[in-house]
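The values are calculated or read from the model by the stated rules, or taken from the named source; none is laboratory data. Small disclaimer: the values here were computed from a predicted structure and weren't measured. When we count neighbours, we look across all protein chains shown, and the Cβ atoms used for this are built from the backbone with ideal geometry, even at glycine. Remember, those area values only see protein heavy atoms, side chains included, never the ligands or the DNA or RNA. Shrake-Rupley method; radii C 1.70, N 1.55, O 1.52, S 1.80 Å.
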Amino acid sequence: MSKTIKIALLSLVALSLVFVLVGRNSGKADEEKVVIYTNGDEEATAAMETSLKDAGYEGKYVLQSLGSSELGGKLLAEGDEIEADVVTMSSYFIESAQEQHSMFKDLSFSTKALEKKPAYYTPILANTGSIFVNTEVLKQKGLPMPTSIKDLTKPEYKGLVSIPNILDSSTGWLLVQAIISQYDDAEGKKVLHDLIANSGPHLESSGSGPINKVQAGEVAAGFGLRYQAVMAKESGLPIKFVDPAEGNFSYTESVAVVNKGNEAKTNLAMKMAETISKDARKELLKHYPVALYEGEKVTEKNKPAHPMKFKQPLTVELLKQHQEFFKSAL
């Protein structure tokens, strides 16, 4: 073997060792990062990341966005074996996962939440449901302004309504809660059946689907998140939000820390959870204007006229019951 070939081979071996060492160090660094799973949308995720960056945690965490159904399924199936160290998720999913797996650690920091909550999570945002309309389309079609969800079941609204599907969207659950709370079983199923029939191809898998259809003028009215309609109106679009007579129902999304064996990493995860719950609130409150903590204020336009809470605690089991109610109305 020539001297040149030997030198080349030795160089390749040395380079391979460098790559192996770098790979090992990189893997170790990744293992030390706090993993955050969230079902938050773009605005929520941006607010959380900004708060973590400002607190000096940039490069110390990995944030992964998942759909509510996917993340909820992972929580219930995997328990504390889940890869995540921190979870932001619909509160009812966190409660159900804790009941099934006892997977979350009690928070080591205090918050001044307006409502009593378990020790293992604290809310970071809330969503409220309402009707919204495109006033130009209403005028073009000669439609009356709706005041209730039931109004949207009238024949003149056929093909001109968009609603979220509870089988795919948490926003759809706010609609079903309002119907079940206001009407008895038989009337409630009829209202829901007629509403689904009037929606036709505008039954949306995304909570943002209805507001998009209303803004585009594809339909005259829809049901979805109230704050989206407020923002659309403020931007100059011909959108009006209507608080339905059946009530404005809400749900919260919260942050929780998975109880794992690595104490140092869990402590870091706890600090990040505190940062999200406190430092991100100012930005979150702009996009999700519902007061959750002492001292928080929202403008009059962001206060629903008929705030309501469902008579039973929200749980995954209750969600499944209401999904079956929805299916029975198809």
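From the list GLY200, GLY188, GLY224, which one is in a helix (DSSP H, G or I) and open to solvent by less than 10 Å² (accessible area, probe 1.4 Å)?
It is GLY188.
Looking at region 261-279, is at least one residue outside any helix (DSSP H, G or I), in contact (Cβ under 8 Å) with a residue 12 or more places away in the chain and more than 25 Å from HIS101 (Cβ to Cβ)?
Within region 261-279, not a single residue is outside any helix (DSSP H, G or I), in contact (Cβ under 8 Å) with a residue 12 or more places away in the chain and more than 25 Å from HIS101 (Cβ to Cβ).
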Discussion item. Based on this model, can you work out whether ALA97 counts as free of Cβ contacts under 8 Å to residues at least 60 places away in the same chain and in a helix (DSSP H, G or I)?
Written reply: yes
Discussion item. Against the conditions (1) more than 19 Å from the chain's Cα centre (by Cα); (2) at pLDDT below 95; (3) not hydrophobic (A, V, I, L, M, F, W, C), where does GLN321 fall short? Just the number, please.
Written reply: (2)
Practice prompt. Could you list, in sequence order, all residues of region 232-245 that are surrounded by 19 or more Cβ atoms within 10 Å (Cβ to Cβ), in contact with a helix residue (DSSP H, G or I) (Cβ under 8 Å, 6 or more places away or on another chain) and outside any loop (DSSP other than H, G, I, E, B)?
Written response: ALA232, ILE239, PHE241
Worksheet item: Which one is nearest to ASP243 (Cα to Cα), of the residues in region 291-309 that are open to solvent by less than 40 Å² (accessible area, probe 1.4 Å), in contact (Cβ under 8 Å) with a residue 60 or more places away in the chain and touching a Leu at 6+ places or on another chain (Cβ under 8 Å)?
Response: ALA291
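Residue-by-condition table, conditions (1) out of contact with any Gly (no Cβ under 7 Å at 6 or more places or on another chain); (2) buried (at least 22 other Cβ atoms within 10 Å of the Cβ); (3) under 25 Å from ASP41 (Cα atoms):
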| residue | (1), (2), (3) |
| --- | --- |
| GLU70 | yes, no, yes |
| ILE82 | yes, no, yes |
| HIS101 | no, no, no |
| LYS117 | yes, no, yes |
| VAL161 | no, yes, yes |
| SER170 | no, yes, yes |
Worksheet item: Does LYS60 fit the bill of being modelled with pLDDT of 90 or more, of a type in the set (Lys, Arg) and within 20 Å of THR266 (Cα to Cα)?
Response: yes
